[in-house]
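One structure below.
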Amino acid sequence: MLNICLTLSFNTSSFQNDELMENTYQNLYKKVAQFYYSHPAYKISMYISGTVLEYISKKHPEYTQILSELSSRKQLELLGGGYYNPAFPLLFPQDRSGQIEFMTQVLRKSIGKRPRGMTLSNSIWDSSMISTLQTCGMEYVMLDSSLIPPSKNEFLPLIVNEQGKNIKILSVNRQIEPAVFDETSPESYVSGILKTVKKTVSKSSASGNERVICLNIGEDFFKHLFNSGWVEDFYKCLERNFSSAARLMLPGEYIHTARDFIPAYIPAGIRSDIAQWAKNPYTCEKLSPGSAVTIHDFLMTYSQNQKLYNRMLYVSMLAGQTHGDKMRRKEAREKLWCAQSGEAYVCTPDGIFVNNSIRQRCYKILTETEKLLRTCNPKDRDFEESVVSYDYNNDGHDEYICRMKNYTACITLRGGQINELDIMQNSGNYADNLNRIEKYDKVDDGYERGLFVEHLFTESDYKDYKRGLPSGNGIFSTTNFTQMNFDAKHHEIKLLGTGEFSSMDLPVSLRKKYIASSNGFTVQMILKNESPLPLKGVIAVESNFAQTDFSTTDKNSYKTEIITTGESHEIEVTKKTSVSKSVSYLKLTDTSNDVSFVFEPNEDCECVCRLLAFNRPVLGGSGTGVSGNTLVSALCWNVNLAPGMEMEKNISFSILTPKKKAASSKRPLQPE
């Protein structure tokens, strides 16, 4: 007898607004509940994410009553999981168990029954989760069949263990889901399943006649099958034509009656149709059999997702170390969970990648979380500013984390730049910039776009730079700086970068000092000609600010003002480079968040500004589309140094925020 477990996943985005959520409810959720309520013999299990369940419970409480009745009929099983459907292996154990228990609590309150099984976002698996799952009362997990060793795929449940604790695994077989046989009638589909299972069972060494197959259908394709009448025909066909060979069961119902479990070890992994995007950026590559791809492989391929993960992990660490007001800590922890939503870290199976809008919302939520954590201890009336050094991004080199009154920033040795800047004005990460890729943007940047990135150009390279073209190697933009001195007490960081300039390979060095203050930085740069020959060129200090307004793909949310030759001007920044001479003051204002950034050099300079668009593949079509924008601004000076001589430049960088800050909502799920 073949037991078929049919699961419907309501996987609407955690960041969808109320209007879209209501539309999905009326066009799918409501109709599905009515269908199963009027057909008591039809069984199904469902996964409903925490945010969807929260919306339904608040706006349509009658819906949860129907789900509760279906559950009491033993017609419906609601699966558990993480409240925000996170990528569990990326979380600390406390957040893993917290998200599962939060989801369990909401299900028990709204449906009246706690879940005993659960799903994992994109089947992102690691055996270290077993202890947490068992502690949270989970008896089984549904896992994509691509993670199951072929020798263990015998249409029976598996049992895996870690340090004496175990959990049962039900394999979800995507290869024989209805989506694969879109044009096939229910009769042919069920016949095909039975033939596949029979073929496998005949070769199997496992005993027992009871086999199981799990089908997990996403809401978009289920809607297609449901509206076409395929779902109803499927149930009728099973009852009428295959009652002696197959039957529908709920996953928990099957687990409790199953007699055979196959012991197995399942290494860390991620479902194959997502893993195929993890080898090369934005490129789908077929994986060789047995190749293991983990969530960390995916993050290493997509650096912007990795940076968000670094920030999330850092705030998680702060949450674990903070004591004091329990209510504030609880609120902060729930905000943190929202920023752990799996859709912010991996793409969909179709290759829909995390966009700048979702990342910036997560950064904003993490900033709100940190703000709450800063106010948890009533004994600390004033926040204590600090600059610490440790390997923040796990690249083998120490970074410098500046936790100041109005911002948190990360300074990296790679390029000696600020590669993360989170303003406590509840804004996102202003250094969350993409890089141009030759395949999609026709040029390759070759360096990371942060704040205070130095380029040393020849005159011809500088002309190319102003045209937006790659210009030489920029020397210091790609250099790994070394620490000369670090004074945590005085918030001072001194770095040294070395390189070779022009085709003559003239040795040069750059000594760079950051002094962090409550409202910004003082940055000192000393360029020295280490060669026996004269050095002529241009040094550019580049800062890149990510867009925070996503109302349109090419939106420029920044207002740009300069003071040149003693007069103030507002300049329009477009995709065409704007060059201003004799600039003594530059002010960039993010109008969407009312945050301003002011650069005041100690000597007049040439200012280069432009809006840079990044292109990425368009799903379901040919060509590329704009994925994000960055405002590029550079302060530039001519360099004319005799052998052994040096020149010094200083920039005062100030962050201006409104005195009155708008109150934030408790759980910022909905975009504006």
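Once Rh is set to the Kirkwood radius over Cα pairs, what Stokes-Einstein translational diffusion coefficient, in µm²/s, holds for segment 1-125 at a temperature of 37 °C and a viscosity of 0.692 mPa s?
Details: Rh = 15.0 Å.
D = 218 µm²/s.
Ignoring any ligand, DNA or RNA, what whole percent of the accessible area of segment 406-511 comes from carbon and sulfur when the probe is 1.4 angstrom? Provide the component values of the computation, followed by the final result.
Details: 1860 of 4030 Å².
Using a 1.4 Å probe with all protein chains present, segment 406-511 comes out at 46 percent carbon and sulfur.
Per residue, how much space in cubic angstrom lies within the convex hull of the C-alpha atoms of segment 281-351?
Numbers: hull volume 7.1 nm³, N = 71.
So the per-residue Cα hull volume is 100 Å³.
Can you tally the net charge around Gly499? Count Lys and Arg as +1, Asp and Glu as -1, for every other residue whose Cβ sits under 11 Å from the Cβ of Gly499.
Working: positive: none; negative: Glu454, Glu500, Asp505, Glu530.
The answer is -4.
What residue among Cys636, Thr184, Leu67 has its Cα farthest toward the positive end of the dipole of the chain, where the charges are +1 on Lys, Arg and -1 on Asp, Glu, each on the Cβ?
Of the candidates, Leu67 comes out farthest on the positive side.
Can you give me the P(r) profile for segment 428-554? Cα pairs, bins 10 angstrom wide beginning at 0, each as a whole percent.
Spelled out per bin, shortest first, that is 11, 36, 34, 16, 3, 0.
Evaluate 2.2 N^0.38 Å with N set to the residue count of segment 41-190, then give the Cα radius of gyration divided by it.
Numbers: Rg = 16.5 Å, N = 150, 2.2 N^0.38 = 14.8 Å.
Normalised Cα radius of gyration, segment 41-190: 1.12.
Once the principal axes of the Cα atoms of segment 483-595 are found, what is the range along each, listed largest first in whole angstroms?
51, 40, 33
If Lys and Arg each add +1 and Asp and Glu each add -1, what is the summed charge of the other residues whose beta carbon sits under 13 Å from the beta carbon of Glu210? Before the final figure, lay out each step's value.
Working: positive: Arg211, Arg247, Arg259; negative: Glu154, Glu253, Asp260.
Summing Lys/Arg as +1 and Asp/Glu as -1 gives 0.
Taking the Cα centre of segment 512-577 as origin, work out the dipole magnitude from +1 charges on Lys and Arg Cβ and -1 charges on Asp and Glu Cβ, in debye rounded to 20.
Numbers: 8 positive and 8 negative charges, 70 e Å.
So the magnitude is around 340 debye.
Only Lys, Arg, Asp and Glu count, each charged at its Cβ (+1, +1, -1, -1), so figure out the dipole size of the chain about its Cα centre, rounded to 20 debye.
Working: 76 positive and 77 negative charges, 416 e Å.
Here the size comes out at about 2000 debye.
Across segment 449-524, how large is the tail of the calculated P(r) beyond 20 Å, expressed as a percent of all Cα pairs? Let's see the in-between values first.
Values: 1162 of 2850 pairs.
That fraction is 41 percent.
Would you please classify the overall shape of segment 310-413 from the alpha carbon gyration tensor, given that a ≥ b ≥ c denote the square roots of the eigenvalues, rounded means a/c under 1.5, and beyond that prolate means a/b larger than b/c while oblate covers the rest? Can you show the working numbers first?
Values: a/c = 2.34, a/b = 1.34, b/c = 1.75.
It is oblate, given that a/c is not under 1.5 and a/b is not larger than b/c.
Apply the a/c threshold of 1.5 to the C-alpha gyration tensor of segment 208-280 and tell me whether it is rounded, prolate or oblate. List each step's numbers first, then the result.
Details: a/c = 2.99, a/b = 1.16, b/c = 2.57.
Oblate is the answer for segment 208-280, as a/c is 1.5 or above yet b/c matches or exceeds a/b.
Of the listed pairs Lys528/Lys559; Lys152/Lys335; Lys512/Lys555; Lys113/Lys335; Lys307/Lys494; Lys152/Lys286, which have alpha-carbon separations greater than 32 Å here?
On the way: Lys528/Lys559 35 Å; Lys152/Lys335 40 Å; Lys512/Lys555 34 Å; Lys113/Lys335 26 Å; Lys307/Lys494 24 Å; Lys152/Lys286 22 Å.
Checking Cα-Cα distances, Lys528/Lys559; Lys152/Lys335; Lys512/Lys555 exceed 32 Å.
Along the positive direction of the dipole of the chain (beta-carbon charges: Lys, Arg +1; Asp, Glu -1; about the Cα centre), which of Thr119, Met484, Tyr363 reaches farthest?
Thr119
Using only the Cα atoms, work out Rg/Rh for the chain, with Rh taken as the Kirkwood radius, to two decimals. Write down the numbers at each step before the final one.
Values: Rg = 28.4 Å, Rh = 27.5 Å.
Ratio of gyration radius to Kirkwood radius: 1.03.
Given a cut-off of under 8 Å on Cα pairs at least six residues apart, what relative contact order in percent is computed for the chain?
Numbers: 1400 pairs, mean separation 69.9, N = 672.
Normalised by residue count, the contact order of the chain is 10 percent.
Shape verdict for segment 37-111, please, from the Cα gyration tensor: rounded (a/c under 1.5), prolate (a/b greater than b/c) or oblate.
Numbers: a/c = 2.75, a/b = 1.89, b/c = 1.46.
Judged from the Cα gyration tensor, segment 37-111 comes out prolate (a/c at least 1.5, a/b above b/c).
For a protection proxy built on the mean count of beta-carbon atoms within 10 angstrom, sort 444-453, 331-340 highest first, please.
Values: 444-453: 20.7, 331-340: 23.8.
Per-residue mean Cβ counts within 10 Å order the peptides as 331-340, 444-453.
In segment 224-314, with Lys and Arg counted as +1 and Asp and Glu as -1 at Cβ, which of these residues, Leu287, Tyr235, Tyr302, has the Cα nearest the positive end of the dipole, that is, farthest along it?
It is Tyr302, whose Cα lies furthest towards the positive end.
Over 17 Å apart: what share of the alpha carbon pairs of segment 409-479 falls there, rounded to a whole percent?
50
Let me test this: with uniform point scatterers at the alpha carbons of segment 242-283, what is the Debye-based log₁₀ I(q)/I(0) at q = 0.28, 0.30 1/Å?
For segment 242-283 at q = 0.28, 0.30 Å⁻¹, log10 I(q)/I(0) is -1.00, -1.04.
The values are calculated or read from the model by the stated rules, or taken from the named source; none is laboratory data. This one's a predicted model, so the numbers in the text were calculated from it and none came from an experiment. Glycine also receives a Cβ, built like all others from the backbone with ideal geometry; neighbour counts cover every protein chain displayed. Surface accessibility is based on the protein's heavy atoms, side chains included, excluding ligands, DNA and RNA. Shrake-Rupley method; radii C 1.70, N 1.55, O 1.52, S 1.80 Å.
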